[in-house]
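For reference, the structure discussed in these notes is given below.
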Amino acid sequence: MNAAALVAAGQPLVVSSFSEWRSAARDLLMHDVAPELVTWNEAGALAADLFSGAPDAGEPTDNAPAGVAPVKQAPHVPRALMDMLQSAACCRVPDRWAFLYRVIWRWQRGEHDVQSPADVDGVKLAAMVKAVRREEHDMHAYIRFRERPQELGPPRFAAWFEPRHDVLPQVADHFVNRMGGVTWMIGTPEASVMWDGATLHHTGPLMSSAADLDDAGEALWLTYYRSIFNPARVNAQLMQSHIPSRFWKNLPEGAIVPSMVSNAELGARSTGQAQAVGKKSGFTIPIAPADAQPERQQPSKLDECRRCELWQHATQAVGGEGPKKARIMLVGEQPGDQEDLAGKAFIGPAGKLLDRVFEAAGLERREIYLTNAVKHFKWEPRGKRRLHKTPAQKEVEACSYWLEKELASVTPKVIVALGATALKAVLGNGSAKLGESIGKAIRHGDHWVVTVYHPSYILRVPDEETKRQAFNVMVDGLKLAQQLVERPPQEPAAG
């Protein structure tokens with residue numbers, strides 16, 4: 001009995017796969033059966049081949065049941081929508097079959113905005129597709145194959161995963177392409193797939209958990225993982241954001257990471273004494289942390305710098321660049337995202353704006369030495385982006401070692417400080433105020449210091465008039481810097 005006849009008889013439609021649903025939906029549409037008249041029941045997990053056994057769009061169906069008039073023309077659904085329906089069918093929501101039929105019913109009746117994000121059904125459909133694709137990605141990334149003893153025969157590798165949605169067939173096809181003729185199996189709570197090197201076999205559940213797997217090589221892997229674990233670079237919050245907690249329990253290293261993180265945190269709070277000495281009783285002597293640090297040889301190369309913690313999360317250190325004996329040195333705050341990736345100063349949006357300032361001030365970029373007070377990019381995650389975070393004063397002070405070396409090497413006559421952080425670094429004064437020195441020339445040691453806005457400030461402010469005024473302050477400041485190049489040190493600065 002076809003789907004329309006079952007509905008006419010008051011029977012629910014029981015489907016277990018997308019192909020079964022598609023055949024039933026086609027028959028219902030050809031007999032103009034409204035969604036509210038159909039009761040859909042879930043029979044089981046999705047079949048391996050989502051389109052196997054499904055008739056073509058033009059294939060004739062059974063005769064219409066009594067009391068139900070068939071539509072003369074077979075329904076047609078565009079490929080893009082059918083792909084979305086097929087993907088959404090893998091999303092484990094209680095009403096998936098009824099919802100998918102409502103979508104295709106509306107489309108057939110000319111409501112093509114059912115695919116639009118502005119439509120309530122369109123929003124849900126897109127969310128289901130997104131959830132399924134995300135689960136496919138996570139399964140590709142976090143599944144772990146264990147090698148089985150050879151005496152047990154194939155498969156050579158086995159893995160366990162607990163997917164939230166019915167993505168096992170698609171993921172299996174991915175690993176068929178990745179692993180070639182090597183035999184393997186993936187088990188889930190609902191189903192299993194086995195690859196014999198030539199054919200993919202789908203079956204019911206064959207394992208109950210990852211504990212059913214035994215890998216003699218896993219102990220070697222964990223030993224290696226412990227050996228490369230660096231307590232100094234542990235960022236538990238970042239680890240959890242990169243790998244959701246539900247995947248840790250099935251990762252081999254997931255069992256040992258918590259204890260290693262805990263030990264790292266304890267080590268960070270220790271006094272540095274040997275364990276045996278630490279057990280002895282004694283007196284606590286108050287002392288400033290900086291004074292308690294042992295004397296260490298200073299780094300000779302910027303890439304070797306470990307004077308603060310910023311190097312741990314930066315791609316690389318970004319040094320200054322320009323003429324070795326430039327008369328003007330520009331000091332910014334820190335490299336940005338693009339500078340961190342490329343290893344060059346002022347090449348991002350702020351650098352492009354700075355080029356406009358140079359042009360307006362009559363300067364050539366190649367004549368100026370460009371650097372930053374802090375040499376590593378400090379950032380915080382925001383989704384997939386890395387957003388700038390202002391360096392702390394202790395990080396500015398730690399990096400003053402490199403700024404002093406640059407000043408001693410380049411010996412500029414004028415330093416242009418871009419913003420408050422650069423001003424504090426150049427003057428060596430954490431209390432220096434930007435508003436008190438903006439656009440002015442200050443004599444500091446052997447240098448004139450001119451303070452202007454950082455170009456990123458101009459990029460951030462929304463008001464066009466404020467942007468224009470800040471831009472002019474930067475241009476005037478660079479013009480003043482050119483004048484100071486020829487001014488005797490004892491001559492007072494204008495303004």
Q. What number goes with the only condition from (1) closer than 29 Å to P299 by Cα; (2) in contact (Cβ under 8 Å) with a residue 60 or more places away in the chain that L459 does not pass?
A. (1)
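What is the residue count in segment 408-423 for residues that are in contact with a strand residue (DSSP E or B) (Cβ under 6 Å, 6 or more places away or on another chain) and more than 17 Å from E321 (Cβ to Cβ)? Give the steps one after another, and end with the answer.
Kept after step one, since they are in contact with a strand residue (DSSP E or B) (Cβ under 6 Å, 6 or more places away or on another chain), are these residues of segment 408-423: 410, 412, 414-418, 422-423.
Keeping just the survivors that are more than 17 Å from E321 (Cβ to Cβ) gives 414, 417, 423.
Qualifying residue count, segment 408-423: 3.
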Q) What pairs come up if the first residue lies in segment 144-164 and is open to solvent by less than 70 Å² (accessible area, probe 1.4 Å), the second is among the hydroxyl-bearing types (S, T, Y) and in a helix (DSSP H, G or I), and their beta carbons are under 9 Å apart, counting only those six or more places apart or on different chains? A) F161/Y142
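Suppose we filter K389, K384, K394 for residues that are at pLDDT below 95 and either farther than 29 Å from S431 by Cβ or in contact with a Cys (Cβ under 6 Å, 6 or more places away or on another chain) (or both); which single one remains? It would help to see each step written out before you state the result.
On the way: K389 fails: either farther than 29 Å from S431 by Cβ or in contact with a Cys (Cβ under 6 Å, 6 or more places away or on another chain) (or both); K394 fails: either farther than 29 Å from S431 by Cβ or in contact with a Cys (Cβ under 6 Å, 6 or more places away or on another chain) (or both).
None of the others qualify; the one that does is K384.
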Q. For segment 376-433, which residues satisfy the criterion of being under 22 Å from G343 (Cβ atoms), open to solvent by 60 Å² or more (accessible area, probe 1.4 Å) and in a loop (DSSP other than H, G, I, E, B)?
A. K384, K389, T390
Q) So how many residues does segment 90-114 have that are hydrophobic (A, V, I, L, M, F, W, C) and either in contact (Cβ under 8 Å) with a residue 40 or more places away in the chain or exposed (fewer than 13 other Cβ atoms within 10 Å of the Cβ) (or both)? A) 7
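Restricting the search to segment 327-343, which residues are under 26 Å from A441 (Cα atoms), surrounded by fewer than 22 Cβ atoms within 10 Å (Cβ to Cβ) and out of contact with any Lys or Arg (no Cβ under 9 Å at 6 or more places or on another chain)? Working first, answer last.
As a first pass, look at segment 327-343 and keep what is under 26 Å from A441 (Cα atoms): 327-335.
Checking which are surrounded by fewer than 22 Cβ atoms within 10 Å (Cβ to Cβ) leaves us with 327.
Scanning segment 327-343 gives no hits.
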Q: Determine which member of the set A69, A74 is assigned to a loop (DSSP other than H, G, I, E, B), modelled with pLDDT of 50 or more and open to solvent by 70 Å² or more (accessible area, probe 1.4 Å).
A: A69
Q: Find all pairs meeting these conditions: Cβ atoms under 6 angstrom apart; at least six residues apart or on different chains; first residue within segment 305-320 and more than 14 Å from E380 (Cα to Cα); second residue modelled with pLDDT under 90 and part of a loop (DSSP other than H, G, I, E, B).
A: C305/P299
Q) Is there a residue in segment 151-173 that is farther than 23 Å from M82 by Cβ, out of contact with any Ser or Thr (no Cβ under 7 Å at 6 or more places or on another chain) and part of a loop (DSSP other than H, G, I, E, B)? A) yes
Q) Has segment 38-46 got at least one residue that is surrounded by fewer than 17 Cβ atoms within 10 Å (Cβ to Cβ) and modelled with pLDDT of 85 or more? A) yes
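The values are calculated or read from the model by the stated rules, or taken from the named source; none is laboratory data. Just so you know, these numbers come straight off a predicted model, no measurement behind them. Using ideal geometry, Cβ is built from the backbone for each residue, glycine included, and neighbour counts are taken over all protein chains shown. Calculation scope for accessible area: heavy atoms of the full protein, side chains included, ligands and nucleic acids excluded. Shrake-Rupley method; radii C 1.70, N 1.55, O 1.52, S 1.80 Å.
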